[in-house]
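One structure below.
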Amino acid sequence: MQRTESPSGSARIRLDQPRTGRPGLISLPAYDPEAFGQLSERIARFLGTGRFIVWMTVVVLVWVVWNTLLPDSVHFDDYPFIFLTLMLSLQASYAAPLILLAQNRQADRDRVNMEQDRARSDRNIADTEYLTREVAALRQGLGEVATRDFLRSELQGLLKELDERRGAPEVL
């Protein structure tokens, strides 16, 4: 809520506008959702590769070897490897939402692409129907136009008729 000065000089709270923040409480840091989304996509792409699996396997093997084969004085996580389990659970708890965020962003891009493809397909169908109508109109128009063969046959018919008239005696 915003404060405005009243004519009497006292500050009054406006109820028709939302609060922008509470001055007494700690405000959370602002972040760019697009940059965060891009980072999550990069992480999700990495988590889905063979390189990640190899690195994760190496880390787990080094962890287990360190805590079993080296002297007891350097062990930091003994046999049931509870700390390793905690670290793997922590990694999984962060990986799952990041992967879901990346999938949601990809689904949004796919939806936009599908809408664009559908619009392009609709335009192609409309263009094809227009061209089909135009070709049909041309065919119909050509049906009414005299072709060269038609003119030849008509002229030959007239020539034969003239020849027949010349050959026959005129009757008066």
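The values are calculated or read from the model by the stated rules, or taken from the named source; none is laboratory data. Because the structure is predicted, anything quoted here is derived from the model rather than measured. Counting neighbours? That spans all protein chains shown, and the Cβs are built from the backbone with ideal geometry, glycine included. With ligands, DNA and RNA removed, areas are computed over all heavy atoms of the protein, side chains included. Shrake-Rupley method; radii C 1.70, N 1.55, O 1.52, S 1.80 Å.
Filtering the range 60-91 to residues that are of a type in the set (A, V, I, L, M) and touching a Leu at 6+ places or on another chain (Cβ under 9 Å) leaves Val60, Val64.
Among the residues of the range 40-96, those that are in contact (Cβ under 8 Å) with a residue 24 or more places away in the chain and either open to solvent by 90 Å² or more (accessible area, probe 1.4 Å) or of a type in the set (Ser, Thr, Tyr) (or both) comprise Ser40, Arg45.
Within the range 102-158, which residues are of a type in the set (A, V, I, L, M, F, W, C), farther than 30 Å from Gln38 by Cβ and in a helix (DSSP H, G or I)? Ile125, Ala126, Leu131, Val135, Ala136, Ala137, Leu138, Leu142, Phe150, Leu151, Leu155, Leu158 - these are the residues of the range 102-158 that are of a type in the set (A, V, I, L, M, F, W, C), farther than 30 Å from Gln38 by Cβ and in a helix (DSSP H, G or I). Applying the selection to the range 23-57, what residues are within 23 Å of Arg109 (Cβ to Cβ), in a loop (DSSP other than H, G, I, E, B) and among the β-branched types (Val, Ile, Thr)? Once the filter is applied, which keeps residues that are within 23 Å of Arg109 (Cβ to Cβ), in a loop (DSSP other than H, G, I, E, B) and among the β-branched types (Val, Ile, Thr), the range 23-57 yields only Thr49.
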